[in-house]
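Structure record follows, encoded as structure tokens.
The values are calculated or read from the model by the stated rules, or taken from the named source; none is laboratory data. Small disclaimer: the values here were computed from a predicted structure and weren't measured. As a convention, Cβ positions derive from the backbone with ideal geometry for all residues, glycine included, and neighbour counts pool all protein chains shown.
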Amino acid sequence: MKYIFPIITLFIAACNLSSNKQDIKDNILKENNDTLAYPKEVNLQNIKQLTFGGDNAEAYFSFDDSMLVFQSNYNDWDVECDQIFYTNIKNSNMKVKMPNKISTGLGRTTCAYFMPGDTTIIYASTHLQNAECPHVPKSSDGKYVWPIYDSYDIFVSDLDGKIVKQLTNNKGYDAEATVSPKGDKIVFTSDRSGDLELYTMNIDGSNIQQVTFGLGYDGGAFFSPNGKKLVFRSSRPVGDKEVEEYKNLLSQGLVKPTEMEIYTCNVDGSELKQITKLGKANWAPFFHPSGEKIIFSSNHKSKRGFPFNLFMINIDGSELKQITYDETFDAFPMFSYSGDKIVFSSNRNNGGTRATNLFIADWIE
């Protein structure tokens, strides 16, 4: 959905739990009717772990809810950095069998999403500029940063991995594309204006329109169920010092992800509203099936930068509710189109490693 994946390693690299703590956590999980849910996670039932190693993230349902597309850097799947895979939810066992790889295996990829009809997938890739994995920057002046690779462009591939169309060919960052449930529009993030803004285009790549205009990183956008609104995360630097820092990092192809809030707007950019005012990093938002609530990941309760957990909030900013209770990392939630399932990424049940795996659960109101 967005080039947000490095947050897993950036925030979690220093978060490896001791074996003692891991034993306690595993016991808590097992006591809850032998499921992978913590006792307070009342909205999640019948959780199933889908992947079992590496960093797996941004898993999104096909329109018919039968498949998931996601990115992974799992070494056992013969990749050196994030590549795009898809799997049939009911008839796959990724513990013993590698899922279907869609991306070329060259460069780095991110933010895959099914296109209408479920026979093609949209994703961003750096492979046209360099077949090698791009350099991952270290922290800048002690601050966590994400790379904004100017070699990312957006492509459409069939399920056999054949690229059938290139949707962007702009010098600079084009990525984080997702598709409207109505099947008519795509939203993505680009720095073509000199800042990181949201844009929409028709499903065929035509009629590109700029949506946001405020200084700051606008990204990770998703459409509402009726296709009329967008939800996204944004950094909004305030004051000369923050503005200077933001612009300086962006000139280096970097952004600092530690201060973000959730916003909504209409697809044309009107009625822009800040939904959260929690501080720290609030990101990976997705609309509840009703269109009246937003689920997102946040570390606003954390003292050390983690844990990240899933929270839900009304679109007017009221009634904040915690959904997950992991001790390290839960993020990238997506509801199925039917509204009865949820998929997310988590560090739960990883045996004390840094693995981030995919989980699917029944959603219970």
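Please state which one of 143, 97 is among the charged types (D, E, K, R) and out of contact with any helix residue (DSSP H, G or I) (no Cβ under 9 Å at 6 or more places or on another chain). Result: 97 is the single residue among 143, 97 that is among the charged types (D, E, K, R) and out of contact with any helix residue (DSSP H, G or I) (no Cβ under 9 Å at 6 or more places or on another chain).
Only residues that are surrounded by fewer than 24 Cβ atoms within 10 Å (Cβ to Cβ) and touching a residue at least 24 places away in the same chain (Cβ under 8 Å) were counted in the range 321-332, giving 6. Within the range 44-64, restricting attention to residues that are among the charged types (D, E, K, R) and surrounded by fewer than 21 Cβ atoms within 10 Å (Cβ to Cβ), the residue that is farthest from residue 96 (Cα to Cα) is 64. Keeping to the range 209-256, report how many residues are part of a helix (DSSP H, G or I), over 21 Å from the mean Cα position of the chain (by Cα) and not basic (Lys, Arg). Going through the range 209-256 one residue at a time, the tally reaches 10.
Residue by residue, here is whether (1) small (Gly, Ala, Ser); (2) touching a Cys at 6+ places or on another chain (Cβ under 8 Å) holds:
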residue: 138; (1), (2): no, no
residue: 148; (1), (2): no, no
residue: 157; (1), (2): yes, no
residue: 173; (1), (2): no, no
residue: 176; (1), (2): no, yes
residue: 182; (1), (2): no, no
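Quick check on my filter: what residues within the range 211-256 are touching a helix residue (DSSP H, G or I) at 6+ places or on another chain (Cβ under 9 Å), over 21 Å from residue 320 (Cβ atoms) and either without any contact (Cβ under 8 Å) to a residue 40 or more places away in the chain or not hydrophobic (A, V, I, L, M, F, W, C) (or both)? Passing the criteria: 215, 216, 217, 237, 256. Picking from residues in the range 65-120 that are in a loop (DSSP other than H, G, I, E, B), of a type in the set (D, E, K, R) and free of Cβ contacts under 8 Å to residues at least 60 places away in the same chain, the one that is surrounded by the fewest Cβ atoms within 10 Å (Cβ to Cβ) is 90.
Of the strands (runs of 3 or more DSSP E) lying entirely inside the range 287-352, those containing at least 1 residues that are under 21 Å from residue 37 (Cα atoms) and basic (Lys, Arg) span 341-346. When every residue of the range 157-166 is checked against the conditions, at least one turns out to be touching a residue at least 12 places away in the same chain (Cβ under 8 Å) and buried (at least 20 other Cβ atoms within 10 Å of the Cβ).
Taken over the range 163-203, residues that are among the basic types (Lys, Arg), under 16 Å from residue 126 (Cα atoms) and part of a loop (DSSP other than H, G, I, E, B) amount to 1. Considering the range 126-156, the residues that are in a strand (DSSP E or B) and in contact (Cβ under 8 Å) with a residue 60 or more places away in the chain include one that is surrounded by the fewest Cβ atoms within 10 Å (Cβ to Cβ), namely 143.
Among the numbered conditions (1) at positive phi; (2) at pLDDT below 95, the only one that residue 216 does not meet is (2). Of the residues screened, residue 50 is one that is touching a residue at least 40 places away in the same chain (Cβ under 8 Å), of a type outside the set (Lys, Arg) and at negative phi.
Pairing residues of the range 258-274 that are within 20 Å of residue 310 (Cβ to Cβ) and touching a residue at least 12 places away in the same chain (Cβ under 8 Å) with residues that are among the hydrophobic types (A, V, I, L, M, F, W, C) and not in a loop (DSSP other than H, G, I, E, B), at Cβ distances under 6 Å and at least 6 apart in sequence or on separate chains, gives 258/281; 260/281; 260/283; 262/296; 263/232; 264/231.
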